[in-house]
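Worksheet for the structure shown next.
We did not get these values from a lab; they are worked out from the coordinates using the rules stated. Just so we're clear, the structure is a prediction, and the values are computed from it rather than from any experiment. Cβ sites come from the backbone with ideal geometry, for glycine too, and all protein chains shown count toward neighbours.
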């Protein structure tokens, strides 16, 4: 790739879909929650690929309207049926235990147990995912067909968990750029064995960080690996006076299923990130969806709360709750594919390249067209019908570079690619016909 | 109905379509015009349902660019054919006499009479409605088939009318609210025996006033029962320095025919009344039409003249001149139905409820989402796909309550009902997470 | 035509399509280029129809980023085949010689000659049009089937041209109006024997000037007959401090082919000229196209360069490069028709009339409707369904004449014709109900 010396010629580190899927597979068995050792183990594995700053925030710390909860860890959890057989066992799947379950060691009849058993009657072979972070409770999640097969009798129930003062753990990875203005990429690391939601998002974020590390960067990139909701609230609380550095942001989730890419706009609706993602998707040639902001979903809820109102959108493939496997054991390693994750990563990369190249230029010879021919920038023989795209690109960049328009504006009005416009902007800068505005 | 304590829990007085039709039937025989005893008798009947302030403005009073005309009253009017038979008789229908006809007592041939006879050749069995308020003239209106059957010979023509210095009569009905800002509801009372135009509009206005009287009111409601054109001009002239109190307004006409509801936007086009009516109609599930302002129709012409430019739209069923019975004897008691009038009234009521509840709130915890769970406002078990509408409503209200958006904005962006949004706004105010802006 | 005394009652000088075609036919044989006697001869012929101010700008004069080139003239040019037969002869068509070809007098083999021969392999019977204004070179243009038939052997090549210090020639024709604000009409006069591009545009401009000369004019009209690119750059350079007088502008080209009219918006996109042309085309009842600005085409490129950004659009029939005959000998006298040129002229005339009448008025009686009846402006008998267009026009003009809207705004909102609105605006001014804002 050649191009504008200031923004082009990027040595692109390839990260394959297979590598992404391998990372998902390693992370899959770990029992994650909003706190605890599962998050730490997850971050340790990510740190093998990219350096991380890990933050530990003590239980009880006030964060905005919330408070850091106690730390939750699990050693074991199971239900034994009257015959002593383990009919539900946390060792088989981290989904079997409702997240933040309080310790239990008791024997009880099925009637007493049943209110603590969560199933999906409409999807009897899948284990649901349930949490009770802030209301002390315990519960098990299991297949509905298993529940229906349980005999009457006395059940032994054991939850060997701890809820203790400890920490909430999250990590940052920062890639400095020439500018202190930041692109924020955030993904949640609090879900247990769910591949699409959000191990795929985590893997794509790591892959994006690896690719960006090797590229020249205008922006500083800040990756957040945080527990959902309480993690973004914690990060926002600790960075409240620095959010004005965030120029653009993306929340990544559900990055690996077979569905088309879906972009959810920031609350602002017309932020540059919104236009950049829409531009990339619309030129991708692939089916995709762009939706307006709504105050539900992932951590864009927090970044786009009205007090912050940051220019942060959300990129997923199939959005949360719109696929039957969502928040069930069906969201497993088969549900996410190397190809889909690679496609999501390529799209994130294209979005970053779009943001990087979306500069504002000023035509230094704005009265009439400058004579491109004598600068070697224009064909010598006139009269031909087939004007070359490169000449059109130069004319468009010159015409719209009045200080009001960015290169993305030029791309949208001209229908020309940002690659080509960026390239000719470099040539025009070299010819002293254009200068970049900062 | 439960809801926001500030705006909800409304004791709704039912007014039936049958009651509305009964009122129309009582008013129907009266000969109304822009002045005279017919208007006074009409207002007397309305005053049996709602208290009225009746205003009498003397002939000759200058009102804006106009002058109050002489008062017109009729005792009798008829045409006798050569055989002495009354072929046209005002006693049969108030439409037979052109409004503001000057006195006549003469005998003349059919040729001399004919220029004073108004018929509808394309609708030979209907009597047209004609007026000549400002050009002294006399005339009779009759069925075209009757006209064609008139024999040659001498006709006796008698118009026992008076045009004398007197008054223009109109009435106001005011329902005070907590705010001095007003909702104006205006209807014309100058048409003779025409049921849809505008006895149905008058009846719906009376019904709306009765329902609103029993409800808590943020706004003050001002109902005008006025002659068309000269009446609104008179009211505007006498209230010129108080029009800034009018926050929203509706002109009601043609409220009882079988056609779909039609809203004509105010001249501003994007006033809150325009958005409120459009919102109600779009959620009604019924066929309806929304049209841009045009400077013709009913008294919205005057309220929306450029010097006033008030936020006043017009609600009708089939608009003026778009039904064949318009301004003919076909606009009779059969042409309007209890069901249609009740539907128009329900729509007016829903519009008022929408205006009442369309408040602007401020999120008092705008940085991140407030923790609704610890306030008992959020389900304790997480992970479920089926987020409840009530929780979504709270998130939407919190997210958009930045001082820029009203509850109607939230309803339009979220697709949630204003009822639900209003209800949760009340809950959030109670939880000190929200406050109403005034 | 009657109408507003200030703007109407125009004595329209008819210019027939036959006259336009006759002018095209006279100009067709002349060898024009961006400089030289061909341009002067062309302007001499135009000056028989309309007075011209001819400007001569010396070679070497700096104009914006460019410099006036040497003047090019041709006495003779041909290629003789080995048998002495002239196989390409400038005397047959001015297209045969590449514009600005340097002098040559040589004998050479076909292989040496071939790089100087330009053909259209896909259109073998057409001669292409080629130029090399700024890179010294010579070349011949010929039919590809002729090229393919050339035998091997020695060819005599003769270009008896001169490139000498001289002048660039252009002309202006100015029709003063009551206002010093100008409507600019520009067309290029640098193309050789090409009928549609741009003899038709020149002829339509002359026709428009003749029609406007006989009409009362609010605006001053300035017609430019200039060589493409370097001509508009020269004119802009010499008038740089007076461009703020240009209120509206049109570049005319390709005005005579059978295709539908095509308007290309100014760079501003919403200038009054853009709205006026769109209004005229949309009411024409004929197929037409309206396109956004792009920085390629004709001299709108220069007028709309960002330093000037003038409100200048471009009117063509089929745009440049979109018809197969473009820049070939197929663009001949048969390719343009009297009917198409007359239609283009009528459209230009309608655009000018629209601009002339698109005034801003102020309602002097803005509170309520003024009483039109007592001024004789309104029908005396009320109640009729069929409101007359003239009454509606008066109500619309009064309602929207708040100082914000022009008559074109009124036309677009009301759907009424500008003719009628202009006429009633005159009546309302006479009645002291309206005054024109300046």
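With q set to 0.23 Å⁻¹, the log10 of I(q)/I(0) for the stretch C:323-414, from the Debye formula over equal scatterers at the Cα positions, is -1.16. Using equal-weight Cα scatterers in the Debye expression, the normalised intensity of the stretch B:317-364 in log10 at q = 0.20, 0.30 Å⁻¹ is -0.79, -1.08. Each Cα pair under 8 Å and six or more residues apart adds its separation to the average, and for the stretch B:1-131 the resulting relative contact order is 15 percent. The base-10 log of I(q)/I(0) for chain B, evaluated at q = 0.06, 0.07, 0.14 Å⁻¹, reads -0.31, -0.41, -1.23 [Debye formula, identical scatterers on Cα atoms, solvent excluded].
Given R0 = 51 Å, the distance between the Cβ atoms of residue A:409 and residue B:92 translates into a calculated FRET efficiency of 0.10. Ranked from shortest, the separations from the 7 Å Cα-to-Cβ label point of residue A:148 to its equivalents in the other copies are 7.8, 7.9 nm.
Of all DSSP bridge pairs formed entirely within chain B, close to 65 percent run antiparallel. The mean count of C-beta atoms from other chains within 10 Å of the C-beta of residues in B:299-310, rounded to a whole number, is 4.
For the stretch B:12-64, the orientation-averaged shadow of the C-alpha convex hull comes to 5.4 nm² (one quarter of the hull surface). Over chain B, dividing the summed -39,500 (n - 2.57) contributions of all DSSP H runs of at least 4 residues by the number of residues returns a 222 nm mean residue ellipticity of -8000 deg cm²/dmol.
In this simple spin-label approximation, residue B:156 and residue C:85 carry label points 7 Å from Cα along the Cα→Cβ vector, and these lie 11.1 nm apart. When chain A is turned onto chain B, the axis of that turn runs closest to one Cβ of chain A, and that residue with its distance in whole Å is A:270, 11. With all pairs of separate Cα atoms included, the stretch B:29-126 yields a Kirkwood hydrodynamic radius of 16.4 Å. Using the alpha-carbon centroid of each, what span in Å lies between the stretch B:334-354 and the stretch B:25-100? Cα centroid of the stretch B:334-354 versus Cα centroid of the stretch B:25-100: 27 Å apart. Neighbouring Cβ atoms from other chains, within 10 Å of the Cβ of residues in C:361-370, number 6 on average. Between copies, the label points at residue C:58 (set 7 angstrom from Cα along Cα-to-Cβ) are spaced 8.8, 8.8 nm, reported in nanometres from shortest to longest. With label points set 7 Å from Cα along Cα→Cβ, the inter-copy distances at residue C:373 are 7.3, 7.3 nm, sorted shortest first. Restricting the calculation to Cα atoms, the protein assembly as shown shows an Rg/Rh of 1.07 when the hydrodynamic-style radius is the Kirkwood one.
Taking every C-alpha pair closer than 8 Å and separated by at least 6 residues, the mean separation divided by the residue count of chain C gives a relative contact order of 18 percent.
Averaged across B:418-430, how many Cβ atoms of other chains sit within 10 Å of each residue's Cβ atom? What the average comes to for B:418-430 is 0. Of interest is the spacing of the C-alpha centroids, which for the stretch B:145-174 and the stretch C:360-438 amounts to 32 Å. In this label model, residue C:61 and residue C:49 are separated by 2.6 nm, measuring between points 7 Å along each Cα→Cβ vector.
Overall, the ratio between the Cα radius of gyration of the stretch A:262-314 and 2.2 N^0.38 Å, rounded to two decimals, is 1.11. Rounded to 0.05, the FRET efficiency of the residue A:112 and residue A:438 pair, given R0 = 60 Å and the Cβ-Cβ distance, is 0.30. Packing-based ranking of C:122-129, A:159-166, C:185-192 yields C:185-192, C:122-129, A:159-166, ordered from highest to lowest mean Cβ neighbour count within 10 Å. For the pair residue A:146 and residue A:172, label points projected 7 Å from Cα toward Cβ lie 4.1 nm apart. The shape of the stretch A:270-356 can be summarised by an equivalent ellipsoid whose semi-axes, obtained from the alpha carbon gyration tensor, come to 23, 19, 11 Å from longest to shortest.
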